[in-house]
Amino acid sequence: MSFGRYFEEFDAGQVFKHWPGRTITEFDDTWFSLMTMNQHPLHIDEHYAQSTQHGRRLVNGTLVFSLVVGMSVADISGRAIANLEYEEVKHVGPVFHGDTIYAESHILSVQGSKTKPDRGVVYVETKAFNQRKEVVLTLKRRVLVPRKPPEMESSTTTK
C-alpha cells in the first residue's frame, strides 16, 4: 500500500476533507509552547489570560498551524518532494483548550514543472474549522509532487 498521491492524481477544484479531527488539550498547548520556547503568557499563564480579550488562555497559533498541515499530509503532501512555499497563513478565529480542529483542502491549481518532467507543483488552500464549524485558520501552500513513474503510467493524462 502506498502513502500520498502522485501529481496526476490532483485536479484544480478537488476538495479533500481531512479526517480525523484533533482535540487540542491543555497539555498539548503547554508542551508545544515549552518546546518552541514561546513564553507568551497568553498561552501559559491563566491569571494573565483572564485579563485579556478572550478571558482565558489561547492555544498557540503555530500549534494550530502545525496540526492543520499535519492533518493534510495523507491527502496532499504524503509523496511530496518538498513544500515549496507557505503563504497567507491567517489566524481567523481563536482556538481554546478542548476545541476540536477539522480541516479541508481545495486544490487551486496544478502545473507541471517546466524544467523537470518527473514532477509538478500543486497549489492548495487549506481551511481549519473548530467543532462549531467556525473557521479558525486558513493557509495556502505550494507542494512539489512527483509524477507517477513511467512503469506505473498506463492511461494517465499529462497535465
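The values are calculated or read from the model by the stated rules, or taken from the named source; none is laboratory data. None of these values were measured; they are calculated from a predicted model. Methodologically, a virtual Cβ is constructed for each residue, glycine included, from the backbone with ideal geometry; neighbour enumeration extends over all protein chains shown.
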Taking the residues in the range 144-159 that are within 27 Å of the chain's Cα centre (by Cα) and charged (D, E, K, R) as candidates, determine which candidate is modelled with the highest pLDDT. 147
Scan the range 100-114 residue by residue and report those that are touching a Lys or Arg at 6+ places or on another chain (Cβ under 6 Å) and either farther than 30 Å from residue 26 by Cβ or of a type in the set (Phe, Trp, Tyr) (or both). 110, 112, 113
Could you list, in sequence order, the residues of the range 24-62 that are under 22 Å from residue 89 (Cβ atoms), β-branched (Val, Ile, Thr) and touching a residue at least 60 places away in the same chain (Cβ under 8 Å)? 24
For residue 58, state whether it is outside any loop (DSSP other than H, G, I, E, B) and not β-branched (Val, Ile, Thr). no
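Looking only at the range 27-51, count how many residues are among the acidic types (Asp, Glu), part of a helix (DSSP H, G or I) and more than 21 Å from the chain's Cα centre (by Cα).
Just the residues of the range 27-51 that are among the acidic types (Asp, Glu), to begin with: 28-29, 45-46.
Those left that are additionally part of a helix (DSSP H, G or I): 28-29, 46.
Still in the list and also more than 21 Å from the chain's Cα centre (by Cα): 46.
Going through the range 27-51 one residue at a time, the tally reaches 1.
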Determine whether residue 55 is under 29 Å from residue 106 (Cβ atoms) and either within 18 Å of the chain's Cα centre (by Cα) or surrounded by fewer than 16 Cβ atoms within 10 Å (Cβ to Cβ) (or both). no
Scanning the range 120-136 residue by residue, the ones that are surrounded by 17 or more Cβ atoms within 10 Å (Cβ to Cβ), touching a Gly at 6+ places or on another chain (Cβ under 8 Å) and more than 12 Å from residue 10 (Cα to Cα) total 2
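Results for (1) touching a Phe, Trp or Tyr at 6+ places or on another chain (Cβ under 9 Å); (2) modelled with pLDDT of 95 or more; (3) surrounded by fewer than 17 Cβ atoms within 10 Å (Cβ to Cβ), shown as yes or no for each residue.
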| position | (1), (2), (3) |
| --- | --- |
| 48 | no, yes, yes |
| 60 | yes, yes, no |
| 67 | no, yes, no |
| 70 | no, yes, yes |
| 84 | no, yes, yes |
| 96 | no, yes, yes |
| 99 | no, yes, no |
| 110 | yes, yes, no |
| 114 | no, no, yes |
